[in-house]
1. When you go through 178, 160 one by one, which is the residue that is buried (at least 18 other Cβ atoms within 10 Å of the Cβ), touching a helix residue (DSSP H, G or I) at 6+ places or on another chain (Cβ under 9 Å) and within 25 Å of residue 276 (Cβ to Cβ)?
2. Which of the residues belonging to the stretch 228-263 are under 14 Å from residue 122 (Cβ atoms) and in contact with a helix residue (DSSP H, G or I) (Cβ under 7 Å, 6 or more places away or on another chain)?
3. Out of the stretch 208-228, which residues are part of a loop (DSSP other than H, G, I, E, B) and surrounded by fewer than 20 Cβ atoms within 10 Å (Cβ to Cβ)?
4. Please work out if residue 88 is touching a residue at least 40 places away in the same chain (Cβ under 8 Å) and more than 17 Å from the chain's Cα centre (by Cα).
5. Look through the stretch 264-307, keep the residues that are of a type in the set (S, T, N, Q) and either modelled with pLDDT under 80 or touching a strand residue (DSSP E or B) at 6+ places or on another chain (Cβ under 7 Å) (or both), and return whichever of them is nearest to residue 87 (Cα to Cα).
6. Mind checking which residues of the stretch 249-276 are surrounded by 17 or more Cβ atoms within 10 Å (Cβ to Cβ) and part of a strand (DSSP E or B)?
7. Within the stretch 186-207, can you find the residues that are among the hydrophobic types (A, V, I, L, M, F, W, C) and either buried (at least 18 other Cβ atoms within 10 Å of the Cβ) or farther than 21 Å from residue 252 by Cα (or both)?
8. Condition (residue is of a type in the set (Phe, Trp, Tyr) and either surrounded by 24 or more Cβ atoms within 10 Å (Cβ to Cβ) or modelled with pLDDT of 95 or more (or both)) applied to the stretch 147-155: is it met by at least one residue?
Amino acid sequence: MSSSLFIKLQERIELALKSEFGIKLIEHVKLTMSSRINQQILKYVKDIYYGSSFVENKLDIYMPDNTVGSTFYGSTTTFYPVIIFFYGGGWAVGSKNIHQFLGMRLSQMGYVVVIPDYTKYPKTNIDGIISDFKRAVVWTKKSINEYGGDPNNIYLMGHSAGAHTSIFTIIRDVIYKSRNDEGKTNTELYDIDPEWNLPKISGLILMSGCYDMPKHYEFEVSIGFEDLSSMSRVMGNTQESLVKNSPLLLIQDIANNKLININQVKNLMPKKIFIIHGDQDLPIKELKFKIYQDKGHDEIVYDMMNLSNPELVADFKEFMSV
């Protein structure tokens, strides 16, 4: 990103913090910080390296109050479902520290929560981000039992760019593993960091994500945001790269792709997917799933932080219990 674009982005962020949305964000944070999280004692571990010693490759873990990990807190026979939360930020900004209240809230609900940081644009592109997502999931599968988590019951939860890359990482891995003999010679179906073998995931929870990148780019152009957004550049900055990095278009292609074993795809894909959007999230008006009223792009994740939307919380609990 050029220095002039970065300055413009900073100016927009400053304006945003003074806007109605920014005021709501500050109110959410103040409300959460002033509350005593149900008067529970919080258990969490911060800044664990996963996959490499890069500063971006650190994660935090939040545990239910009665969790006793097998090495960290002693020993236990009770293991909780695991949620790995990947935050958004246009693949360019964001921090696990901003989402600590979400980790606290979800741990209260009986989950072990992992929130990783990951490398972002312009330091890397979508392939590098996928690599970090894979590393975080593989680390969790291998090590989460030490913190009271069930390594055989892992969910990926993502917001915005994190939602896109969560499902995209899984779909690419499933397609690669489902190739027939002819497909194995197709260089378009390459694996990213094959030494990091993704485990099967129990479910996906996708919040305010974008899954058709050409259409999302058209939306950015329509509001004059394409130069400030990192989306096109992180994907490769061509129409072909936008298509190639679109989860929805990959899924549509699977049924007619003779290089792919469709039965293997069905076996490897998560059995549950929960897609969440607010009706004020402008590019998502035509989504034919449940849309939560009076909610914008970011308010969904804030509602989960504060458990302030009973309808959403009830739907979440129902999804996780099935």
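The values are calculated or read from the model by the stated rules, or taken from the named source; none is laboratory data. The structure presented is a predicted model; accordingly, all values stated were derived computationally and were not measured. Glycine also receives a Cβ, built like all others from the backbone with ideal geometry; neighbour counts cover every protein chain displayed.
1. So the residue among 178, 160 that is buried (at least 18 other Cβ atoms within 10 Å of the Cβ), touching a helix residue (DSSP H, G or I) at 6+ places or on another chain (Cβ under 9 Å) and within 25 Å of residue 276 (Cβ to Cβ) is 160.
2. 228, 229, 231, 232, 234, 235
3. 212, 223, 224, 225, 226, 227, 228
4. Against the criterion (touching a residue at least 40 places away in the same chain (Cβ under 8 Å) and more than 17 Å from the chain's Cα centre (by Cα)), residue 88 does not qualify.
5. The residue in question is 306.
6. 260, 274, 275, 276, listed by residue number.
7. 192, 196, 198, 201, 204, 205, 206, 207
8. yes
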